[in-house]
């Protein structure tokens, strides 16, 4: 699991790389798994330098050669592949015409590098680092009744709709006798076909999702139980069912309702920890305004005197320089840093309140 400090460091590193765009395919990205021989990689890069002389555009060829040369020099200084492997990038980062600024960026990732890669493109290849930094738990949510079903995916603290479906199950028939029995059979047959459609979507979307940790099913009445217990989902899906919940709605709002009533099943997930942290902040704000601060200026002032117990930052609400300042003060005063998102209702509310704040150790005058 990537720690919060590592996550912040890696995110800044990735953002710096993503801000650079080459004029042509001249930016070099190299990933090396743990235990890789740097001497062999240097030899490979030297061979690529020779190949670069064949690039039709001479300016691009020269840029590639210089980027490779800078990378080779840096690798010689690094000398040995770090424990988790190496991600190293080189190229002309200048955004001005006729101006060259060749830079090399490298990092030992917080998790082992899973592959060996050499790429020369117009942008640095950051996808493998971004995957490490995501590191988010994933759950499937299914809201279902006989008339409608919505399948959703909870990734970290972000809930999205995968598919909404309406059934062809006819409404209830009030007349008695044989007609009622025949209509009941038709209705039940249509329901079974609908359950199969919903299950097909789930199987298609989730069977090969290795990061899927569990499935929660909700709905009104007994439909949800019939769906979960019937022969619709395959055994792999059934083994991941964490619980079945009573909810009122089966549309997109139903997924949010299902999330709300599943706090016991999702207690250790990102979304619930975020909501819990922010609910604590707003509860404290409602009871005693002298026990919280918000806004960059007030938060930094409180950090400097060691008054903050829980430092709350909504991702994207401050610059890298401001985040550096907050992190430095947080480490110095041993405040608990919580870098949260605006993907929850509480996160949106906090973002509207500047996105920066803290719960205090002792009251101060705001």
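Every number here is computed from the coordinates shown, using simple stated rules; none is lab data. Keep in mind that what you see is a predicted model, and the values were worked out from it rather than measured. Reconstructed Cβ throughout: ideal geometry from the backbone, glycine too, with neighbour counts over all protein chains shown.
Taking the Cα atoms only, what angle lies between the long axis of helix 177-206 and the longest principal axis of the chain, rounded to 10 degrees? That helix lies at roughly 10 degrees to the long axis. Averaged over residues, the count of other Cβ atoms within 10 Å places the peptides 158-166, 312-320, 85-93 in the sequence 85-93, 312-320, 158-166, highest first.
Look at where the Cα atoms of segment 51-127 and of segment 209-252 average out, and the two centres are 47 Å apart.
Take every pair of alpha-carbon atoms less than 8 Å apart whose residues are at least six positions apart; their mean separation over the length of segment 138-268 yields a relative contact order of 31 percent.
The simple Förster model, with R0 at 35 Å and r as the Cβ-Cβ distance, assigns residue 25 and residue 331 a FRET efficiency of 0.30. Nearest 10 degrees, 0 to 90: what angle lies between the long axis of helix 270-287 and the longest principal axis of the chain (Cα atoms)? Result, in degrees: 80.
For residue 103, project a label point 7 Å along Cα to C-beta. Then give me every residue of segment 319-348 with its amide nitrogen under 16 Å of that point. What the label zone holds, given the 16 Å backbone N cut-off, is 320-321. Between the Cα long axis of helix 58-78 and the first principal axis of the chain there is an angle of about 90°, rounded to the nearest 10. Mean residue ellipticity at 222 nm from the helices of the chain, using -39,500 (n - 2.57) per DSSP H segment of n ≥ 4 over the full residue count, to the nearest 500 deg cm²/dmol? Theoretical 222 nm ellipticity from helices: -13500 deg cm²/dmol.
Note on residue 231/residue 160: beta-carbon distance plugged into 1/(1 + (r/R0)^6) with R0 of 25 Å gives a FRET efficiency of 0.30. Taking label points 7 Å from Cα along the Cα-to-Cβ direction, residue 80 and residue 190 give a separation of 7.2 nm. Summary of packing: across the peptides 196-206, 333-343, the per-residue average of other C-beta atoms within 10 Å ranks them, highest first, as 333-343, 196-206. Site pair residue 54 and residue 37 shows an inter-label distance of 2.4 nm when each label is modelled 7 Å from Cα along Cα→Cβ.
Here the chain has an Rg and Dmax of 27.2, 89 Å, counting Cα atoms alone.
Which of these, 59, 251, 234, has the largest mean-square fluctuation under a Gaussian network model of the chain (Cα springs below 10 Å)? Checking each option, the largest mean-square fluctuation is seen for 59. Maximal additional length on extending the residue 285-residue 95 stretch stands at 63.8 nm, based on 0.36 nm per residue less the C-alpha distance.
Along each principal axis, taking the top coordinate minus the bottom one, the Cα set of segment 271-360 gives 30, 29, 20 Å in descending order.
Among 225, 104, the ranking by other beta carbons within 10 Å of each residue's beta carbon, starting with the fewest, stands as 225, 104.
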